[in-house]
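Computed from the coordinates by the stated procedures, all read-outs in this text should not be read as laboratory data. All of these numbers come straight from a predicted model, not from anything done at the bench. Backbone-built Cβ (ideal geometry, glycine too); neighbour counts: all protein chains shown.
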Ligand code: NAP
Ligand code: HSE
C-alpha cells in the first residue's frame, strides 16, 4: 500500500481552517487523484481552546509551531500563520532543514527571505511551494513555472490584492465610505492582520516581487518595487474616473527594461470597458505576455478561505504526486541580481488638485506644469461651495520625474490646500 503524505498545519485562522475543511471534505477525492492519502497529523495555533468550527480532535496539537517541523510523523508543513519573521520563518526554516516539504501562503516572508529559503529547500531536495501567496486561488505561479516555462516573459501585470479591489469596487457600487468598506473586507477574511499592508500596496508588491523572480529569473527584490497605496483615492476620484471612461485599480507591472527590472504597484486608471476595468469585488487578474504564446490572462478570487485553501491543496497534491521543481522556476543559485530600472515608461496622468478659489491660481498651475513640459489634455473644475476649488486635469503622456517636480512646486504654493493626487493612466 502506498504510504500517505502526512501533513502538519501551522495556523488555523481563515486559511488554516479552510485547509482542514477541504481535506476533511475531499479526503477520498484527494487520495484518488494523488494516488495516496493526504493525512493531517498535527496542528498548531496560538489559542488551543478557540472554537474554529472544525473538528481537530483527530490531530496532535503543538503549542509551538516549530515543533511541527521536528515531528517524525510529518512529511510536509503548511505554514499559514503569517508574519515575515518570527514563528513563521522559524517553522519554515526548521522544516526545510529537516528535509520536510513546505507549502506557505506567506508572501511577506518570501518577499524578504525567498532566496535563502529557496536555496535551503533545494539543498535539502524538498519542495517549497507558495501558490496561495500570489493572487489567491489563481494558479499563476504554476502557469509561470510550468505551463509558460518555454517562453521568454516580456511583462507581468495585474490586480493582485483582493482587499483593495473589493474596496475600490464597493465604494463605486454603493457610495460607501472607505473605512466602512475596509471593515467589511476584514470581516470577510480578505485583509491582512494589519490591513495597512493591503491598502498601502505592500501586500500586492510582495506578490509582484515573487512573480518577477519567476518571470525574469532574478532574485526576489521587494525593496526595489515602487509602491503607492490606495489610501488617498477618494470616492470623488472614482466618480471622476468613471465619468471619463476609466476605473481605478491597484495595478502592478513588472517588466525587464534596458536599464533593469521595472517593478511598480500603484493605483492607476484603466479603461472601464477593459477586462481589468471590469474586475469586481475580491477578484484578482494577472496578465502575462510571453514571446511565443502572446498574451494570457488569469482571473479568479484573490483572497478568502476557500480560494486560498484551494491554492494550498493544489501545491500539496503536486508534492504528493512527487513533483519537486525549483522554487522560482530555475535553481535558486542561478537567479541573477537585477538592477532596478528607473526609466519607467511615459504615461498620461489623472491629477486632482485642491486649490484656493482665487484669481490667477489656475494660470499659475498651468504655467508650472508647462515649465516642466507637462502638457494638459483635459481639465475640469467641479462645482463647489467653499474656499477650495477641486480641479481635475488629465495630462498628455509625460515622465513621472517631470510630473513629480511640477507637483512639488504646485504643492508649495500658498493657494495649495492639500497635496495633489496623481494617478497614472494605463492604456493596457
Ligand atoms: P489569520 O486568520 O489571522 O490566522 C492566523 C493563524 O495563525 C491563527 O490561527 C493564529 O492562531 C495563528 N498564529 C499566529 N501567530 C502564531 C504563533 N506565533 N504561533 C502559533 N500560531 C500562530 O490569518 P489568515 O488570513 O489565515 O492568513 C494566514 C497567512 O495566509 C498569512 O501569511 C496571509 O498573508 C496569507 N494569506 C491569506 C489570505 C486570506 O485571504 N486570508 C490569502 C492568501 C494568503 P489563533 O487562531 O489561535 O490566533
Ligand atoms: N490580504 C490579501 C488580499 C489576501 O486582500 O489580497 C490574499 O493574498
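Name the most mobile residue of 278, 381, 70, meaning the one with the largest mean-square fluctuation, in a Gaussian network model of the chain with Cα contacts below 10 Å.
381
When a/c reaches 1.5 or more, the comparison of a/b and b/c decides; with that in mind, is region 230-344 rounded, prolate or oblate per its Cα gyration tensor?
Here region 230-344 falls in the oblate category.
Based on DSSP, what percent of beta bridges with both residues in the chain are antiparallel, to the nearest 5?
65
Only counting other Cβ atoms within 10 Å, I'd like 32, 142 sorted with the fewest neighbours first.
32, 142
Whole Å is fine, so just give me how far the alpha carbon centre of region 4-60 lies from that of region 348-425.
Here the two parts' Cα centres lie 55 Å apart.
Whole Å is fine, so just give me how far the alpha carbon centre of region 267-288 lies from that of region 290-304.
If we compute the Cα centre of each part, the gap is 12 Å.
Relative to the longest principal Cα axis of the chain, at what angle does helix 162-174 sit, 0 to 90 degrees, rounded to 10?
Rounded to the nearest ten degrees, it is 50.
What ranking of 270, 181 emerges when the number of other C-beta atoms within 10 Å of each C-beta is taken as an exposure proxy, fewest first?
Ascending Cβ contact count within 10 Å gives the list 181, 270.
Could you list 364, 94, 169 in order of exposure, starting from the residue whose Cβ has the fewest other Cβ atoms within 10 Å?
By the 10 Å Cβ count, ascending: 364, 94, 169.
With springs connecting C-alpha atoms under 10 Å apart, model the chain as a Gaussian network and identify which of 216, 353, 292 has the largest mean-square fluctuation.
292
Which of rounded, prolate, oblate describes the chain, given a ≥ b ≥ c as roots of the alpha-carbon gyration tensor eigenvalues and a/c under 1.5 marking rounded, otherwise prolate only if a/b is larger than b/c?
It is prolate, given that a/c is not under 1.5 and a/b is the larger ratio.
Starting from the exponent 0.38 and prefactor 2.2 Å, build the expected Rg for region 328-428 from its residue count and divide its actual Cα Rg by it.
Normalised Rg, Cα atoms only: 1.42.
So what's the angle, to the nearest 10 degrees on a 0 to 90 scale, between helix 178-187 and the longest Cα principal axis of the chain?
For 178-187 against the chain, the angle is about 10 degrees.
Quick one: among 265, 244, 22, which has the greatest mean-square fluctuation in a GNM of the chain with alpha-carbon springs under 10 angstrom?
Answer for the Gaussian network model of the chain: 244.
For the Cα atoms of the chain, what angle does the longest principal axis make with the long axis of helix 107-124, in degrees from 0 to 90, nearest 10?
Tilt of helix 107-124: around 40 degrees.
From the helices alone, meaning DSSP H stretches of at least four residues, give me the mean residue ellipticity at 222 nm for the chain, per-run term -39500 (n - 2.57), in deg cm²/dmol to the nearest 500.
So the calculated ellipticity at 222 nm is -10500 deg cm²/dmol.
Could you tell me whether region 5-104 comes out rounded, prolate or oblate from its Cα gyration tensor? Rule is a ≥ b ≥ c as square roots of the eigenvalues, rounded for a/c under 1.5, then prolate if a/b exceeds b/c, otherwise oblate.
oblate
Between region 89-137 and region 138-164, how many Å separate their Cα centres?
One Cα centre to the other: 18 Å.
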